[in-house]
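Every read-out reported here was derived from the displayed coordinates using simple, explicitly stated rules and does not represent laboratory data. This structure is a prediction, so every number in the text was calculated from the model and none was measured. Heads up, the Cβs are rebuilt from the backbone with ideal geometry, glycines too, and the neighbour counts pull from every protein chain shown.
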Protein chains: 4
Amino acid sequence: MIIVTTPEATEAQIAHIVERIEEWGFKVDISKGAMRTVIGVIGDDAAIRVKPLAAIPGVESVTPVLKPYKLVSREFRGGNHSHVKIGDVTIGEANIVLMSGPCSVESREQIIGIAKEVKKAGASILRGGAFKPRTSPYAFQGLGLEGLKLLAEARKETGLPVITEIMDTKQLEMVEEYADCLQVGARNMQNFSLLKEVGRSRLPVMLKRGMSATIKDLLMSAEYILAEGNFKVLLCERGIRTFETYTRNTLDLNAVPVLKKETHLPVVVDPTHGIGLREHVASMAVAAVAAGADAIMTEMHNDPEHAKSDGEQALLPHEFQDLVARVKKVAEAVGRSL
Amino acid sequence: MIIVTTPEATEAQIAHIVERIEEWGFKVDISKGAMRTVIGVIGDDAAIRVKPLAAIPGVESVTPVLKPYKLVSREFRGGNHSHVKIGDVTIGEANIVLMSGPCSVESREQIIGIAKEVKKAGASILRGGAFKPRTSPYAFQGLGLEGLKLLAEARKETGLPVITEIMDTKQLEMVEEYADCLQVGARNMQNFSLLKEVGRSRLPVMLKRGMSATIKDLLMSAEYILAEGNFKVLLCERGIRTFETYTRNTLDLNAVPVLKKETHLPVVVDPTHGIGLREHVASMAVAAVAAGADAIMTEMHNDPEHAKSDGEQALLPHEFQDLVARVKKVAEAVGRSL
Amino acid sequence: MIIVTTPEATEAQIAHIVERIEEWGFKVDISKGAMRTVIGVIGDDAAIRVKPLAAIPGVESVTPVLKPYKLVSREFRGGNHSHVKIGDVTIGEANIVLMSGPCSVESREQIIGIAKEVKKAGASILRGGAFKPRTSPYAFQGLGLEGLKLLAEARKETGLPVITEIMDTKQLEMVEEYADCLQVGARNMQNFSLLKEVGRSRLPVMLKRGMSATIKDLLMSAEYILAEGNFKVLLCERGIRTFETYTRNTLDLNAVPVLKKETHLPVVVDPTHGIGLREHVASMAVAAVAAGADAIMTEMHNDPEHAKSDGEQALLPHEFQDLVARVKKVAEAVGRSL
Amino acid sequence: MIIVTTPEATEAQIAHIVERIEEWGFKVDISKGAMRTVIGVIGDDAAIRVKPLAAIPGVESVTPVLKPYKLVSREFRGGNHSHVKIGDVTIGEANIVLMSGPCSVESREQIIGIAKEVKKAGASILRGGAFKPRTSPYAFQGLGLEGLKLLAEARKETGLPVITEIMDTKQLEMVEEYADCLQVGARNMQNFSLLKEVGRSRLPVMLKRGMSATIKDLLMSAEYILAEGNFKVLLCERGIRTFETYTRNTLDLNAVPVLKKETHLPVVVDPTHGIGLREHVASMAVAAVAAGADAIMTEMHNDPEHAKSDGEQALLPHEFQDLVARVKKVAEAVGRSL
C-alpha cells in the first residue's frame, strides 16, 4: 500500500502513522517531497489491506499496489485459463458454447418444445428460470419446484444439461437436485450469503455481473465462491446500467478482453439482457465472440406474444438459428469453432 | 398503457395487436396519425402491465399511464404520510430522528462505549452491524450472533432501540430476537427472497437504495415488503454509483423530495456511505434535513484507527456532537425539531 | 404527443389544457381513465414538440410519439443507408475503412513516418491532431497551423486523405484548407455554434459521441449539421463515461446496431479512446466490425514512449498490422471486406 | 508520480523505465516487493505528469501524488477562499447571493417584467439567455444581439447586474459589451478554445459543470481560465447525468463541500437544471445552502405556459418568493444571511 499524506500533515502526525503501521507488524519506506510525504507500507498486502489506514489523521490517500483478488487471478493459475464442465459440455476451450432457452419455465409443453429447438439449432445447454427475480411483486414469480422438475424432464428428453437461477440460500438443496449449473443473477451478485452457499456446492456456478458492479467487484464476488472451495465458476457479462435509455442495459463488451486478461475463469456473455432489444441480440452475440467470449447465453421462445416474462427480447427459433449461423462464422474468423 | 406502432406496421399487424389486447379482456382506443398509430389499452393497469405487449410485431413502444407501485404510493394513503415506530421512537413526524453507531459491532466495550456516546450526543437509535456484507471475502465479516447479543446488551445499558442488517433469509429468526428494526442493505435491495421474508416480520424494516437502483426500483422493492403485509417500512437514500470518483458514492438528495412526494413511507438519509468522506458527512447531513429527510443515519466510532471496517468514514464522538448541533439548527429552520 | 394528467387534475385544469392546445392550432383526442386522463395532441409533431406542454398545471407527463430527428433518420432515406466520401475513400459501403495515425502531429519526421506505416498496414485514411482538446492547460496543445501543414505534406507523400479535429468556429477556414475531413470531438458534440459552422462546410464531418451523450443526443447533434445543408456526416462511437474505472471509457458497441437501424449515416468506432488500453484495442476493433461498424479509427505511434499525448494507448506499427489482419478475417465473416 | 510495474516486468524493463525517467531529468526511488516493483518519480510534478510513463513496457499503473490543478486550489490562496464581484454584488462572502430570471430572453416586456419580480423577491443578479444551446436545431435558439440589448435595458430599469451565456469565441466582444458576467454552459465546459477566450476577458465567468464532468475535470477547466489571467471565476454545480430518469439530472450536492475544500473559488448551485422539476427546486435550493453553496441560480418565468424554453421547470414569481423565504431561514441556520 502507498500512503500519501496531506500537505498540512505535521511531523507528529507522520510519526504517528509510521508507529501505527509498525504496531501492525509492517515495515515502512518513507519518501519526503516538497508538499507531501509518501509512505510505502511493506508486508503481506492482504493483511495490510484490511487495516483502516485512511482513518489515521494526516493521511490524504491510500493506494494499493497489488490486486485484491487472489484465487480468481490469472497469476494464480500461472497465467493459464481454466475450463468448467456443465454436464458433459466444457466451457473455456476453443469451441464457443451456446446456452439458450426461455426466460421462465412456463409449462411442460413450452419447455420441452423450446428445448428441442435449442438443441436443433446447435446450442448445447438449456437455460430456463424456475425462480424469477422480478422488479414487481405482481409479476410472474416462476413455477418454483415444479419448474425445476420440468427442466429435468426437458434434459431427459433432449440430453441438454440445464442451468437455472438460485435466488436464496434456502433453495440450494432443491436446485442442486435438478440442475447441472447454478446461476447467481445480477441482482444477487453481492448477496454474499448466497455466494458462500454456492461456494460449498458440488455444481458449477455462473455468476452474473451486477448492474453497477465494476469488473473488480465481479472478480471479488467470484473470489467468495472460490474461497469456499468451488473453483467451477463462470463469469457472465450481461449489461451494466448507464445513462443510455435506448437500450435496456449497456452490454459492456470491454469487460470481455479485460476479464480474459485478469482471471483464469471462463467468460460468458448474455446479449439478450445486455441490449434488451430482440432485433439487435445477434449483432451483440457475434461482437461478443469477436471480443473473446467463451460462451453466449440468449433467451429464445416459441411464442413470445404469450411469454410470461421478457417476451419482447426473446428470439424466435428461426432468429436463433440465424444467430447460430452468424456466430459460427465469426468464431471461425477468430480461430475458434462452434 | 399506450402503444405506438412502428411506421412500417401493416393494417394486418395493427389488427393483430388489437385482437391480442381484446383476447386478454381489455379495450382499445385507436388514433391513427400520418406516420404511426397510437393504441390506448384500457382496463386494469396492473393486469395489462404484465402482458408482453412489446413482443407483438408492429409495436414500437409501450408506455404505461399509471405508476407500477400501489401500496407504497401517497395515493394509497390519500396523500398522507405514514410514520414508523422503532422501539418507542417514531420516524416520520415533525422531529428529525438520528441513528448512529459503528459500522460493525466489534466488542462489548466498543459497542457499549459508542452507544453511550450516541445517546449523550442526542441520537435516539443505535446502529451496528453483526452480519457485514463486505466486497472482499478476506475482510472482517461481522461477529454474527455474538454481535446481536452485544447490541441487545447495549440497548439494555442505554435504552436505545437497535437497528441491524439482515443479509439472508436464514438469519431472520435470530435477528428478530435481538433487534428492533431490520436493515436490508443496498446490495440486497433486489434480493426478492429476503424482501418477502422481512415482509412477513413483525419488526419494522429499513430498506436501503441499491447503488444502481432508480427511485422507481426502490419503491418497487418496498412494494414487495408491503405486499407481504409489513407496512412498517423506511426508505434510505445512501448514495448511488456514478462516474464521480472523488466521493465514495454520489449521495442523491434529489431522491428526498421526490420520495416524499411519491410515497407515504418515511425517508432516511445515510450521508456516511453517501459521500464516504468523514469531513463532509455533517454538511451532507444538514443538506439532507433541508431537503426534507425524516431521519439521518451516520457511522460513529470512538477509535476509528482501530475499527474493523469503515474507519475512514466514521465520525469521532465530538464530530458527531457537532453534527447534531448543526442538524438541530437546520431542522428548526425548516420547521422541524430534533 | 401524449399528455397524461395528474390524478388530482380538476375538470377546469383539463379544460384549460385543451384550450391551450387548441389555441396553438392542434387537435386533441381525450380518453378519461379511472385515475388519470390521457390527451393525445394531434398535428405537426415538430411544432407541438417546442410548446411548453409540461408547464401547464395538471399535466403529469408528456410523451412524444415521433422521433425528434428527421434528416438523419433512416426513414428520411426511405430506409436506405448513405455513404460518405473522404478524399477518394468511400465509407458506408461493403468494405470496412481503417483510419489511423498519431494522437497529435508532433513533427514532420513523426507524421510522415507514421503515415507510411498507416498506409503499409492497409489503412486508407490518416488521422492526426493539430488542435488538441486537453483536460489540462499545461498539457501539449497541438502544433496548430504548423500541424495542419505537416498533415498536408504527409498526404502528399502517401496519398492518404487526412482527418483532423476542429475545436473552434474561428479555425474552420484554416482547417478546411488542409484537411479532407473535419472531426468534431466528443467534448464539442454539443458545441452548437461549431456544429452549425461545420454544417456550412464543403468537407465531410466526423462527429464523435460525447462522453455522456445518449444515442438520441448524438443524432440530434448530427441533425444540426444536416440542417445547415451538409449531409456528409459520419457518426463515431468512442466510449461513454460510466462507473467502470478499469477501462478509460466504456466503448458502447450497443450503439452500433442501434445507429445502423435509426440513421442512414455511416458509423465509425474508435476503440483506442473507447477502452483506452493498448493491449485490448484490437479485440474491441474486431468486436466493432462484428457489430456492424463501417469504419475503425485507431491511434498508432512509432515511438509511444516519447509521444506528446496518449502514448499509453497508441498501437505500435506491428500491433496495428496485427489488428488489420484480425479485422480482415472478421470483416469477411460478416460479409464485408477490407 | 508513483509507478507500479507488472508482475512480469523483467530487470531489463525496470532498468529501461529508470533510464527514461532519468533521461527526462527526474530522480527515482525504487522499492522492490515480492510481486511488483514500486518506483517513485521525484521532481516537478507538473513536468512529470505530461510524460507518457504508462507507455513504457513493464509499467502497470501510474498514480499521481499531487493534484493536477494549481491556480484554482485552496493551497494557492494559502487555504483561504476568494470572492468574485458581478457588478457591485459580491459572491463568496457570508451572504448567500440569489440569481434568477428566465431561461431565454423572449421580449422587452417579458424580461423587464421578470427582472422586476426578481428584484422584488430579493435576488440581486438577473439571468437570461440570448444565445441558447438547444439539443434540437428546430427549437428556439435565442434572440442573440437583440436579447443582449434587452438584458441591458432590464439592468438599467432595475439596477440588477446581468449574467448571460456565451457559446462561441466569436461572441465574446458582443457579450462583453452588454453583460456583467459571462456564463459558460455545461455543454461547453470542455470547449477549451472558449475557456481560453473568456480567460482573457475583463468580466467574471461562471463555469457550469458538464453533465459527465468529474469534480476534477471541472477544476481543470477552471484552471484554463485562471491560467489566462482571469481569476474572477465562479463554479456552478447544475446536475450530472446518471441512470436515474425520474429527475432531469442528478444535482450533485456532494460537490459543494468538496469544492469548498479543494478550491478557493466561490460555488454556485443551479437547482432548476439540477433536478428539473419545478415543485422540487426550492427543496434542492435550501439543501444546497445547507451544504455550503455561496449562491443559488434559478429560473423564473411570469408566464411559463408560453415560455419559449424550459417552461416546465421555471418557478412562478410567488413560488420564487417562497423559495427566498425558505433560503433565508436555512442561510441563517448555517451562519450566513441573504
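Treating only the Cα positions of region A:168-312 as identical point scatterers, give the base-10 log of I(q)/I(0) from the Debye formula at each q in 0.19, 0.20, 0.22 Å⁻¹.
Evaluating at q = 0.19, 0.20, 0.22 Å⁻¹ gives log10 I(q)/I(0) of -1.16, -1.24, -1.38.
Quick one: in region C:2-63, what % of C-alpha pairs are over 16 Å apart?
34
Strictly over 20 Å apart at the Cα level, which of A:196/B:149; B:85/B:329; C:120/C:328 would you flag in this model?
Details: A:196/B:149 24 Å; B:85/B:329 24 Å; C:120/C:328 15 Å.
Correct reply: A:196/B:149; B:85/B:329.
So how compact is region B:93-196: Cα radius of gyration and Dmax in angstrom?
So, for region B:93-196, Rg and Dmax equal 13.6, 43 Å respectively.
Over the alpha carbons of region D:1-115, what is the largest minus smallest coordinate on each principal axis, giving the biggest first in Å?
Reported extents, whole Å, longest axis first: 75, 33, 26.
Treating the protein assembly as shown as a set of equal point scatterers at the Cα positions, no solvent, please give the Debye-formula log₁₀ I(q)/I(0) at q = 0.06, 0.07, 0.08 Å⁻¹.
With no solvent term, the Cα-only Debye profile gives -0.52, -0.73, -1.01.
I need the Kirkwood Rh of region A:237-338: take the reciprocal of the average 1/r across all distinct C-alpha pairs and report it in angstrom. Don't jump to the answer; show the numbers that get you there.
Values: mean 1/r = 0.0718 Å⁻¹.
Mean inverse Cα-Cα distance, inverted, gives 13.9 Å.
With contacts defined as alpha carbon pairs under 8 Å and 6 or more residues apart, what's the relative contact order of chain D in percent?
Over chain D, the number comes to 16 percent.
On C-alpha positions alone, give me the angle between the axis of helix B:108-121 and the longest principal axis of chain B, in degrees, nearest 10.
The angle comes out at about 80 degrees.
Once the label point is placed 7 Å from Cα along Cβ, list for residue A:159 the distances to the corresponding points in the other copies, in nm, shortest first.
5.6, 7.5, 9.2
Suppose every Lys and Arg Cβ carries +1 and every Asp and Glu Cβ carries -1, with no other charges. What dipole size does region B:78-198 come out with about its Cα centre, to the nearest 20 debye?
That gives region B:78-198 a dipole magnitude of about 240 debye.
What percent of all Cα-Cα pairs in region B:74-333 falls into each 10 Å bin, going from 0 up to the bin containing the maximum distance?
Percent of pairs per bin, in order: 8, 34, 41, 17, 1.
Can you list, shortest first and in nm, the gaps between the label point of residue A:44 and those of its counterparts in the other copies, using a point 7 Å from Cα in the C-beta direction?
Distances to the matching label points in the other copies: 4.6, 6.1, 7.6 nm.
Nearest 20 debye, what's the magnitude of the dipole of region B:74-333 about its Cα centre given +1 on Lys and Arg Cβ and -1 on Asp and Glu Cβ?
Here the size comes out at about 400 debye.
How far is residue D:173 from itself in the other copies, in nm, if each label sits 7 Å out from Cα along the Cα-Cβ line, shortest first?
When each copy's label point is compared with this one, the spacings are 1.3, 8.4, 8.6 nm.
For region C:2-63, what does the relative contact order come out to in percent, with C-alpha contacts under 8 Å and a separation of six or more?
49
Determine the principal axes of the Cα atoms in region B:55-129, then give the extent along each, sorted from largest to smallest and rounded to whole angstroms.
Rounded to whole Å, the extents work out to 67, 30, 16 Å.
Tell me the label-point distance for the pair residue C:47, residue C:32, using the 7 Å Cα-to-Cβ offset, in nm and rounded to one decimal.
2.9
Counting other C-beta atoms within 10 Å, and keeping those with at most 16, which DSSP coil chymotrypsin sites (Phe, Trp or Tyr not before Pro) do you find in region C:19-83?
When the chymotrypsin sites (Phe, Trp or Tyr not before Pro) of region C:19-83 are filtered for loop state and at most 16 Cβ neighbours within 10 Å, C:24 remain.
Counting only helical runs of four or more DSSP H residues, what would the 222 nm mean residue ellipticity of the protein assembly as shown come to if each run contributes -39,500 (n - 2.57) and the total is spread over all its residues?
Numbers: 44 runs with 457 residues, N = 1352.
Per the formula, -10000 deg cm²/dmol.
Can you compute log10 of I(q)/I(0) for region D:121-180 with the Debye formula, treating each Cα as one identical point scatterer, at q = 0.23, 0.29, 0.31 Å⁻¹?
The computed values of log10 I(q)/I(0) come out as -0.91, -1.22, -1.32.
With a cut-off of 8 Å between alpha carbons and a minimum separation of six or more residues, what is the relative contact order of region C:79-123 in percent?
28
How far, in degrees from 0 to 90, does helix A:11-23 lean away from the longest principal axis of the Cα atoms of chain A, to the nearest 10?
60
What angle do you read, to the nearest 10 degrees and between 0 and 90, between the alpha-carbon axis of helix C:317-333 and the longest principal axis of chain C?
50
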